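Heads up: the structure comes next, in structure tokens.
The values are calculated or read from the model by the stated rules, or taken from the named source; none is laboratory data. A quick note: this is a predicted structure, and the numbers were derived from the prediction, not measured. Cβ coordinates were reconstructed from backbone atoms using ideal geometry, including for glycine residues, and neighbour counts include every protein chain displayed.
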């Protein structure tokens, strides 16, 4: 029989917190420029959309049968998506502005500027579209040149093998600990890769396709997206995906520890818990 003594009152060693560097300076700058640019593009883009709150497929506007429509019938706001019609009074189609009911796609509190002003909305949108595009190019070029983008964001074959476990962990709100908390897991990598390599480039290209001046220089872009109206619809759908991504991202940051997550993206310092020696 062993002579080892078991101390039932022993307190288990607490994990120790270690501060590590998570995000480089350039990545943090890129991130916050993107936050500002995307928000201002969203609000000004909704102002532009309100000038004609209907979406179509193809080259021309089929006014009698839009694919998406935000309009009013009498005093009711109606939103149509395909063959479905929803009563969205007070938010979409018909909403109050300074206490007065108006027929408008998105409400005033979601547009930049709040009042109807297509010219100002376009100026804001185009200015920050170029800010966003140039900032994105810097992120891509520097990330690919240093191979950090491929290493940190693109999922590997080994990552994909663990996708089932990652789905279960996310469903249970179980977040990784230790050094694993400082790297993106497979679902995060798939989401970021889809944004960086598909959705964000697509929203830029479809935005350029809607420019008559660029159509004259690059007419193939209209054919690529199936017409100007199709490009406008794809542009809108990309916006919806980006908003959805941002909302999920913010929720995950809050659940995973907002102070630590924000500190990592502001100062680069990120706290992880490691087993005490």
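So is residue 109 under 23 Å from the mean Cα position of the chain (by Cα), surrounded by fewer than 14 Cβ atoms within 10 Å (Cβ to Cβ) and not in a loop (DSSP other than H, G, I, E, B) or not?
yes
Given the criterion in a helix (DSSP H, G or I) and loosely packed, with under 15 Cβ neighbours inside 10 Å, identify the matching residue among 136, 164. Write out each step before concluding.
Values: 136 fails: loosely packed, with under 15 Cβ neighbours inside 10 Å.
Just one listed residue meets the conditions, 164.
Name the residue, out of 266, 242, 203, that is over 17 Å from the mean Cα position of the chain (by Cα), under 18 Å from residue 36 (Cα atoms), at pLDDT 90 or above and assigned by TED's automatic domain parsing to the domain that holds residue 153.
Exactly one residue qualifies, and that residue is 266.
What are the residues in segment 226-239 that are surrounded by fewer than 20 Cβ atoms within 10 Å (Cβ to Cβ) and modelled with pLDDT under 95, if any?
If the condition is that a residue be surrounded by fewer than 20 Cβ atoms within 10 Å (Cβ to Cβ) and modelled with pLDDT under 95, then 226, 227 are the ones that fit.
Working carefully through the options 144, 173, find the one that is without any contact (Cβ under 8 Å) to a residue 12 or more places away in the chain and either over 17 Å from residue 44 (Cα atoms) or in the same structural domain as residue 46 (by TED's automatic domain parsing) (or both). Let's see the steps before the verdict.
Working: 173 fails: without any contact (Cβ under 8 Å) to a residue 12 or more places away in the chain.
Selected residue: 144, the only one of 144, 173 that is without any contact (Cβ under 8 Å) to a residue 12 or more places away in the chain and either over 17 Å from residue 44 (Cα atoms) or in the same structural domain as residue 46 (by TED's automatic domain parsing) (or both).
Would you tally the residues in segment 250-277 being part of a helix (DSSP H, G or I) and surrounded by fewer than 14 Cβ atoms within 10 Å (Cβ to Cβ)?
Residues in segment 250-277 being part of a helix (DSSP H, G or I) and surrounded by fewer than 14 Cβ atoms within 10 Å (Cβ to Cβ): 9 in total.
For segment 73-87, which residues satisfy the criterion of being crowded, with 18+ Cβ neighbours inside 10 Å and over 17 Å from residue 237 (Cβ atoms)?
Passing the criteria: 77, 78.
From the list 121, 83, 99, which one is in contact (Cβ under 8 Å) with a residue 12 or more places away in the chain and over 19 Å from residue 241 (Cβ atoms)?
Selected residue: 121, the only one of 121, 83, 99 that is in contact (Cβ under 8 Å) with a residue 12 or more places away in the chain and over 19 Å from residue 241 (Cβ atoms).
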